[in-house]
Every structure is written in structure tokens, then in C-alpha cells.
Amino acid sequence: MVRNRGFSLVELLVALAIMSFTLIIMTQGYSFFMQRWGNELGNFDASAKNTKSLIMAKRLIEGIYPFIIRDEENNPIIFFEGDDEGLVAVSTRSLFSGGLPTIFRLSINQAEDFSYQLIYEEHPAKVGEAFTHLSQRRTFSKKVVLIEQLDYVQFSYFGFENIDEKNNVSPKRWWTSFNALNRNIMPERLSVKLGLSGKEQNLQVKLTEFDSRVMVQFSESF
């Protein structure tokens, strides 16, 4: 006659120890996987957001064109001012005003953690409200942070020193500041260098070519 034999106390303890060890390994493995997944997902979301913002900034800059207004003495001038920390210009593309030409400003702001932010501000365009004179009030009431957690941001401008140098076919160069109000000419290219996650992104855009004959026609129209 065969008798059924159960587990001994030692066998039961060994089985429980093996199960406990297996559960500990599985729990730690799952925790590591979830943490890694969260980090990778967070990095992906941040990268996707920054890529979208870079495309948006490039699109805004590509819409910049030589917008002519009048100064205090009623002389025609080109509205464009830029230095190594930002620029103010008129673009055919905007974030808040649809297809209307809009005055916008790109600038740098340093956050509390000493990283930098690229800020976009816009003077909302209104139908029937034309920007014709430098003395007109400009209120940048629309504001958004395009990119944050930047190591650095630097603007530069490529072109002739002024309209006379262009007529004399002098060499072009890169400038850390470019004031078209005084130069009577637009830069030909605009570069924005951004330090992002230890890497440099160089956003370089070719601007709308300026025809100096437009300025003459504008002067003669009054």
C-alpha cells in the first residue's frame, strides 16, 4: 500500500524562500523598467516640444520682411532692430493675429535656475489699424515661452554695414547688432544659436531680400 507523503517543514520553507526571492527580483525589475520608461518618455516629450518650438521660431523669422514706416522727421525707415539678445521686427506670420502683418519681439529671459528662456511677444494686429509711424505706441500684450532650459542663446545678423556699402559692393559680414532704422537696409540672414541639453542648435534663416528702389518710391510718394 502506497502512502501519500506531504511536504516537510524544511521543503516548505525552502519553497517560500525561493518564491520570496523571485518576487523581490520581479518587483525591482518592474520598478527599474517603469522608472526608465518614465525618463525616456519625459525626454521624448521634451525633445518633441523643443523641436516644435524651433520649427515655430523658424517660421516666424522666415516671415520677417522690410516693413517701411516713417520716423519723427517723416523720413522713410525700415523697421527692424536686433542685437545679440533678441530682435523686434514685422512678420507676415504670427501666433495670435492670423495672416495679418504683426510686430513681434524675440528676447531672452534668465530663469531662477540660471537657465535661459526664448520669449516670443506680439503686438496684436487689428484690421484697420495700420502701423505707419515710429511714434505709434506698441504694446506687446501677447506673450509665450517658446523654448526653456537653454544653456545660452545668441542672435547674429549677416549682411552689409549700410545701404552705401551695398552700393559700393563692399564685403558682407556677421554682426552682433543690426539696426535697420539707421542702416537703411535689412540683414540678409539671421542666425540664432541655442545651447540645448549640451548640444548647439543653429537656427539660420534667409530673410526677404530688400530692394532699395522701394525706399526711393516711398520717399517720392509724399
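The values are calculated or read from the model by the stated rules, or taken from the named source; none is laboratory data. In this text, all values refer to a predicted model and were calculated from it rather than measured experimentally. Cβ coordinates were reconstructed from backbone atoms using ideal geometry, including for glycine residues, and neighbour counts include every protein chain displayed. The area values use the complete protein model at the heavy-atom level, side chains included, leaving out ligands, DNA and RNA. Shrake-Rupley method; radii C 1.70, N 1.55, O 1.52, S 1.80 Å.
Here are some notes:
- Summed side-chain charge close to PHE114 - residues other than PHE114 whose Cβ falls under 15 Å, Lys, Arg +1, Asp, Glu -1: -4
- Residue pairs, from the table LYS52/LYS206; LYS172/LYS193; LYS142/LYS166; LYS143/LYS166, whose Cα atoms sit over 31 Å apart: LYS142/LYS166; LYS143/LYS166
- Rounded if a/c under 1.5, otherwise prolate or oblate - the range 95-214, Cα gyration tensor axes: oblate
- Burial order of peptide ranges 130-138, 173-181, 69-77 (average beta-carbon count within 10 Å, highest first): 173-181, 69-77, 130-138
- With a simple spin-label model that places each label point 7 Å from the Cα along the Cα-to-Cβ direction, the separation between LEU23 and ASP164 comes to 8.7 nm.
- Charge dipole of the range 114-197 (Cα centre as origin; +1 on each Lys and Arg Cβ, -1 on each Asp and Glu Cβ, all else neutral): 120 debye, rounded to the nearest 20.
- The residues LYS206, LYS142, LYS49, sorted by heavy-atom accessible surface at 1.4 Å with ligands and nucleic acids left out, run LYS206, LYS49, LYS142 from largest to smallest.
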